[in-house]
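Take a look at the structure below.
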Amino acid sequence: VAALRKRINQADMSSDERDRYVNAVLQMKKTGYYDWYVRTHIDSMWMTTANPGTMNMWAHHRPAFLPWHRQLMLDFENDLRTADTQLTGKPSDLTLPYWDWINYRSKKKFLWWGRIWGDNFMGPNGSGADGKVTDGKFQAGPGWVLSYDPGPGYMPFTQATVTYLTRQFGQDPNVDSLPTQEQWDAARNLTVYDSAPWDRWVGVQPAPVPNPVKFAHIDSFRNVFEGWVPYYDSATALPVNTNLHNRVHVWVGGAMGPMSSPNDPVFFLHHCNVDRLWAQWWSDDPSRPYLPKDGEPNATDPNNDPDTTIDLQGHHLNDPMPPWDGRNDPLKGPMPVIRPSDVLNHLALGYGYWPDDKVSLSAVGVP
Ligand SMILES: [Cu+2]
């Protein structure tokens, strides 16, 4: 039986594990591999010079949101191990930790839970008018300069320009708290992965769209979890578009807001938790299919102005997900072909979450 990587709660990391994790991230920054993630995330929703009128939609507002980010996390974990080995000269057993934002939250505005924001790990909240982070390993300075380079063939990225890390915890008056267990439980109860028209408006009461939006009880686990609609048919979204996954980006604020959000290293701990929660949903019933199936036609959605045609290329069960579509990447060279169908079972990819996957991890002798 193959071993499984054990992904743990960041709160359970030893100080040695925190140090090694941070050092490997800083090493990736030096070699340019860290900024590959910023670039790839920008490119996933940005415009090429060849087609400047159309935003890519590889990874958000669409069904591949969860499989695409799963592959991104797996690549990051692999690159992190390479960086750790570069530093120690030994094989690496580092894994990506998750930030359980449901259980490490506080309703009190200025109480931040857990050691995640310690100077020896992710570093603290920002301060001042723009939320500049001035302590910790990722503080403003030459060691952590944010990147906005979308790579060759892309339009210049102009959505953000600040060169140092910024955070503004809970500063948005509508998002002064993190998601709750009740909200996640309601999302987890949706049994259908995604539904037509497969965009960020699935499950929203149809036109004229109420403001705030109202849930129309169309099953789309993906859209509710991504955070574009509320979780109850009786609820309105207050505010709109900021539930679950989205809410965490907005709550952290600063660099976690724009398309370049992997500039904040907490992005990876957040998305590791998103991946863990998807794995919980999948484990509830592994026979639930990923949707759309192959051959599903493009949809039309008048709400999705200006792109009323929802192009499903890259989102069907067996479509290659860019950039994992065989292209030649400027940094990584020829990319493997990865489809949603390749990543639906996280255990088959070689990792499990602790303690969620306790039984599977124990079965292969991972303590
Ligand atoms: Cu993303």
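The values are calculated or read from the model by the stated rules, or taken from the named source; none is laboratory data. Remember, predicted model here, so these are calculated numbers, not experimental data. Glycine gets a Cβ as well: all are built from the backbone with ideal geometry, and neighbour counts include every protein chain shown. With ligands, DNA and RNA removed, areas are computed over all heavy atoms of the protein, side chains included. Shrake-Rupley method; radii C 1.70, N 1.55, O 1.52, S 1.80 Å.
Under a GNM of the chain (C-alpha, springs under 10 Å), which listed residue has the highest mean-square fluctuation: 86, 159, 280?
159
Could you list, in their original order, any pairs among 29/332; 30/332; 90/137 whose Cα atoms are separated by more than 19 Å? Don't skip to the answer; put the middle values down first.
Working: 29/332 15 Å; 30/332 15 Å; 90/137 23 Å.
90/137, as the Cα separations exceed 19 Å there.
So what is the accessible area of region 230-363 per residue, in Å², with the probe set to 1.4 Å?
Details: 5200 Å² over 134 residues.
Ligands and nucleic acids excluded, the result is 39 Å² per residue.
May I ask what percent, to the nearest 5, of DSSP beta bridges between residues of the chain are antiparallel? Working shown, then result.
On the way: 11 of 15 bridges.
Of those bridges, close to 75 percent are antiparallel.
Along region 187-201, what does the Karplus equation 6.51 cos²θ - 1.76 cosθ + 1.60 (θ = phi - 60°) give for ³J(HN,Hα), rounded to whole Hz, x for Gly and Pro?
5, 4, 6, 6, 8, 9, 4, 7, 9, 4, x, 6, 10, 7, 10
Using the beta-carbon distance between residue 177 and residue 358 and R0 = 22 Å, what value does 1/(1 + (r/R0)^6) give for FRET efficiency, to the nearest 0.05?
Values: r = 29 Å, r/R0 = 1.34.
Once the sixth-power term is evaluated, E becomes 0.15.
Residue by residue through region 336-353, what is 3J(HN,Hα) from phi via Karplus (6.51 cos²θ - 1.76 cosθ + 1.60, θ = phi - 60°)? Round to whole Hz and write x for glycine and proline.
Along region 336-353, the couplings run x, 9, 10, 10, x, 4, 6, 10, 6, 10, 5, 5, 5, 7, x, 9, x, 9 Hz.
Leaving ligands and nucleic acids out of the surface, order 155, 256 by accessible area at 1.4 Å, largest first. Intermediate results must be reported in sequence, preceding the final value.
On the way: 155 60, 256 0 Å².
The ordering from most to least exposed comes out as 155, 256.
Could you sort 356, 311, 305 by their accessible area in this structure, using a 1.4 Å probe and putting the largest first?
Largest to smallest exposure gives the sequence 305, 311, 356.
Keeping the other protein chains in place, figure out the carbon and sulfur percent of the accessible area of region 239-335, with a 1.4 Å probe.
Values: 1750 of 3400 Å².
After summing per-atom areas, the C and S share lands at 52 percent.
Please list, in order along region 162-177, the HN-Hα scalar couplings obtained from phi with the Karplus expression 6.51 cos²θ - 1.76 cosθ + 1.60 (θ = phi - 60°), rounded to whole Hz, x for Gly and Pro.
4, 8, 10, 5, 10, 9, 9, 4, x, 6, 4, x, 8, 10, 8, 9
Could you work out which residue, out of 97, 150, 302, moves most in a Gaussian network model of the chain, that is, has the largest mean-square fluctuation with Cα springs under 10 Å?
Ranking 97, 150, 302 by mean-square fluctuation puts 302 first.
Which longest run of the chain has no exposed loop site in it, a site being trypsin sites (Lys or Arg not before Pro) in a DSSP loop with at most 16 other beta carbons within 10 Å, and the site itself not part of the run?
Numbers: sites that count: 107, 108, 109, 293, 327, 332.
Longest stretch, sites excluded: 110-292.
How high is the relative contact order of the chain, in percent, with contacts defined as C-alpha pairs under 8 Å that are six or more residues apart? Walk me through the numbers before you get to the answer.
Values: 672 pairs, mean separation 76.6, N = 367.
Relative contact order comes out at 21 percent.
Hey, in the GNM for the chain with a 10 angstrom Cα cutoff, which one of 286, 173, 334 fluctuates hardest?
Between 286, 173, 334, it is 173 that shows the largest mean-square fluctuation.
About the Cα centre, and with charges only on the beta carbon of Lys, Arg (+1) and Asp, Glu (-1), how big is the dipole of the chain? Nearest 20 debye, please.
Numbers: 32 positive and 41 negative charges, 167 e Å.
With Lys and Arg at +1 and Asp and Glu at -1, about 800 debye.
If you take every residue apart from residue 222 with its C-beta less than 11 Å away from the C-beta of residue 222, what net charge results, scoring Lys and Arg +1 and Asp and Glu -1? Before the final figure, lay out the partial values.
On the way: positive: 62, 200; negative: 194, 199, 219, 226.
Local net charge: -2.
Suppose R0 equals 45 Å. What FRET efficiency, 1/(1 + (r/R0)^6) with r the Cβ-Cβ distance, do residue 134 and residue 287 give to the nearest 0.05? Don't skip to the end; give the middle numbers.
Working: r = 50 Å, r/R0 = 1.12.
Result of the calculation: an efficiency of 0.35.
Leaving ligands, DNA and RNA out of it, report the carbon-plus-sulfur percent of the accessible area of region 26-99 at a 1.4 Å probe.
Details: 1310 of 2450 Å².
Its accessible area is 53 percent carbon and sulfur atoms.
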